[in-house]
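Chemist: Quick one: the structure is below, and I'll ask about it shortly.
The values are calculated or read from the model by the stated rules, or taken from the named source; none is laboratory data. Bear in mind that the values here come from a model prediction, so they are computed numbers and not experimental data. Here the Cβ is made from the backbone with ideal geometry for all residues, glycine too, and neighbour counts use every protein chain on show. For accessibility, only protein heavy atoms count, side chains too; no ligands or nucleic acids. Shrake-Rupley method; radii C 1.70, N 1.55, O 1.52, S 1.80 Å.
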Amino acid sequence: ETARHQGKWDDNKYHISTNVWNPGIEIGEDYVRIDGLQIERVYTLGVDSTVYVGSKKEFYFSNNIIKRSNTIATGISFQSTSDGVYYAWNNIVYGSHDYGIYENWLSSDATLYVFNNTVSDCSVWGIRRAEATMVANNNIVQDSTIDYYGTFHASSSNNISSDSTAPGTNSKTNTEVSFVDATHNDYHLALNDTAARNAGT
């Protein structure tokens, strides 16, 4: 626990910082769980993902922080031709040059559950659905060019966007969330926030 972040990037805690063409983490095995890491890609040439998921079956990604550092990169990219099940929850993704959480043409038989994530300041899309079934609940996306993109499953709910795109029932659009210090990438909810507090399910 002494090496684990406390919900804000901390250079004094364990982190992965890659300065090569390849992703910071690339997953090709089945039944993988990644929890509680800090991951950045600082390579300044070429477009790639900070976390690339090509797993064919179950994959779990939780409580992680992904940030961009002077590079062209997607936050986490799900890419597989299988009918696997993928879970991403309680992650913070910010500053991605392209996409924050990116479902990049998974099989149409695959399912991706995206719950309780905070995504901010992505140059293209915050959370993007392409072919797979994507269920999005309790996510906060702020200040991306397009916060949510694609058609999400009908059971999606209680999402927040700073533009008009938050999908699902009981979601909030054109809503600004108050963070502790977004300028310095502290995405804990501020004590005086009234947008996201008590708005989840």
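Chemist: Could you check, for the stretch 141-149, whether at least one of its residues is surrounded by fewer than 23 Cβ atoms within 10 Å (Cβ to Cβ) and of a type in the set (V, I, T)?
Modeler: Checked the stretch 141-149: at least one residue is surrounded by fewer than 23 Cβ atoms within 10 Å (Cβ to Cβ) and of a type in the set (V, I, T).
Chemist: Residue by residue through the stretch 7-31, note down the ones that are over 17 Å from the mean Cα position of the chain (by Cα) and assigned to a strand (DSSP E or B).
Modeler: S17, T18
Chemist: Also: Test T81 against the stated conditions and say whether it is open to solvent by 60 Å² or more (accessible area, probe 1.4 Å) and among the hydroxyl-bearing types (S, T, Y).
Modeler: So T81 fits the description; yes.
Chemist: Do any strands (runs of 3 or more DSSP E) entirely within the stretch 93-198 hold 1 or more residues that are among the aromatic types (F, W, Y), and if so, which?
Modeler: 99-103, 111-115, 125-128, 146-149, 179-181, 186-189
Chemist: Same structure again: From the list F61, F115, pick out the single residue that is surrounded by fewer than 22 Cβ atoms within 10 Å (Cβ to Cβ) and within 10 Å of the chain's Cα centre (by Cα).
Modeler: After applying the criteria, what remains is F115.
Chemist: On to the next question. Among the candidates S62, S77, S120, S82, single out the residue that is in contact (Cβ under 8 Å) with a residue 12 or more places away in the chain, hydroxyl-bearing (S, T, Y) and out of contact with any Phe, Trp or Tyr (no Cβ under 7 Å at 6 or more places or on another chain).
Modeler: Just a single option satisfies the conditions, and that option is S82.
Chemist: Any chance the stretch 179-189 includes a residue that's crowded, with 24+ Cβ neighbours inside 10 Å and at pLDDT 95 or above?
Modeler: no
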